[in-house]
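Reading through the structure tokens given below for one structure.
The values are calculated or read from the model by the stated rules, or taken from the named source; none is laboratory data. Keep in mind that what you see is a predicted model, and the values were worked out from it rather than measured. Here the Cβ positions follow ideal geometry from the backbone for every residue, glycine too, while neighbour counts run over all protein chains shown. Calculation scope for accessible area: heavy atoms of the full protein, side chains included, ligands and nucleic acids excluded. Shrake-Rupley method; radii C 1.70, N 1.55, O 1.52, S 1.80 Å.
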Amino acid sequence: VHESADRETGGGICRGEPGLTAEIFTLYVAPDWQNQGLGWRLLLAMFGRLVAQGHHAAVIWVLRENPARFFYQRLGGKEVRRKLLPFNGMQIPASGYGWSDLPGFLAARTGAGEQSEPPP
């Protein structure tokens, strides 16, 4: 998890999205472990940790060719930025999905008994 250097001034890590002060660089679940709720639980745990550290909004990066981007969209993440990530001597297109109200997101999910299950 990356914390923005300009957190004190209310700035953000994504241009045009000043409230996004925390960044999850990437989240991967090995294919053999997918579709078992692990990614959902990891995301909830990371968001919980960010909120405990005083963050109220965050962005997570996913490769644009990765079908997992639909996972973030299903969970209410909005594409807020695109960039190229260096990988193995190449530049890979990535999208940043943002959540502007992490406490509200967590309250809605854990309060609805969805802590261990992602929404359909």
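Here are a few things to note about the model shown:
- For segment 54-114, the solvent-accessible area of protein heavy atoms averages 53 Å² per residue (probe radius 1.4 Å; ligands and nucleic acids excluded).
- Extension gain, residue 74 back to residue 45 (0.36 nm per residue minus Cα-Cα distance, nm): 8.7 nm
- Taking a Cβ cut-off of under 13 Å around residue 48, the surrounding Lys, Arg, Asp and Glu residues balance to a net charge of +3, with basic ones at +1 and acidic ones at -1.
- In plain terms, the chain from residue 88 to residue 52 could stretch by 9.5 nm, reckoned as 0.36 nm per residue minus the Cα-Cα distance.
- Heavy-atom accessible area ranking, 1.4 Å probe, most first, across 32, 101: 32, 101
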